[in-house]
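Here's the structure, in structure tokens; my notes come after.
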């Protein structure tokens, strides 16, 4: 039986849209969700498709990368002699030439109003990487008017640190 008190309380909760009654919907435009979506796609099937889709063409770059990183990449591509491979000659998303992603773990290193740093730790079907640091990819994000965008991707190969932004910048010096 509905009492007057429960009817009034229920009406008040509905009228005020009390936050206890609903969970906030997750946004697909936050750095963690973006990176999770990328690696969910990368890990599908045998996990050997790689993450080239993030940087494969202008539309993909516009979807994922910051305007500053896109401009730097275009400058580096224009500086590359015709017929040569560009400064990024591997899949930075999987930190490999031969992608192998079985699973991944996403960690937020920093998240504030306009910048974020996200780390992704990869596990492959073929076992662990020789150097554990090589299995961790770091993403620096910036918030632009169109949403969160990747401003740099960093990792290490054979224990040596690399950064997409640094590779592109260095290629302009030659």
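The values are calculated or read from the model by the stated rules, or taken from the named source; none is laboratory data. This is a predicted model, so every value here is computed, not measured. Note that we place each Cβ from the backbone using ideal geometry, even for glycine, and neighbour counts take in every protein chain shown.
General observations
- Residue 83 more than 12 Å from the chain's Cα centre (by Cα) and loosely packed, with under 13 Cβ neighbours inside 10 Å: yes
- Matching residues, the range 116-131, being part of a strand (DSSP E or B) and in contact (Cβ under 8 Å) with a residue 12 or more places away in the chain: 116, 117, 118, 119, 120, 121, 122, 123, 124
- Test: residue 106 is in contact (Cβ under 8 Å) with a residue 24 or more places away in the chain and within 22 Å of residue 61 (Cα to Cα): yes
- Yes/no for residue 162 being part of a strand (DSSP E or B), at pLDDT 95 or above and closer than 19 Å to residue 30 by Cα: no
- Being over 19 Å from residue 42 (Cα atoms), touching a strand residue (DSSP E or B) at 6+ places or on another chain (Cβ under 9 Å) and surrounded by fewer than 12 Cβ atoms within 10 Å (Cβ to Cβ) is a property that residue 174 lacks.
- Just one of the listed residues (87, 92, 132) is closer than 19 Å to residue 158 by Cβ and modelled with pLDDT of 95 or more, and it is 92.
- Per-region count, the range 62-72, residues more than 13 Å from residue 173 (Cα to Cα) and either touching a helix residue (DSSP H, G or I) at 6+ places or on another chain (Cβ under 6 Å) or free of Cβ contacts under 8 Å to residues at least 12 places away in the same chain (or both): 5
Results for (1) under 18 Å from residue 137 (Cα atoms); (2) modelled with pLDDT under 95; (3) outside any helix (DSSP H, G or I), shown as yes or no for each residue.
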position	(1), (2), (3)
32	yes, no, no
36	yes, no, no
50	yes, yes, yes
75	no, no, no
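- Single match in 107, 152, 134 (criterion: assigned to a strand (DSSP E or B) and either over 15 Å from the mean Cα position of the chain (by Cα) or surrounded by fewer than 18 Cβ atoms within 10 Å (Cβ to Cβ) (or both)): 107
- Meets criteria (surrounded by fewer than 18 Cβ atoms within 10 Å (Cβ to Cβ) and under 17 Å from the mean Cα position of the chain (by Cα)) for residue 94: no
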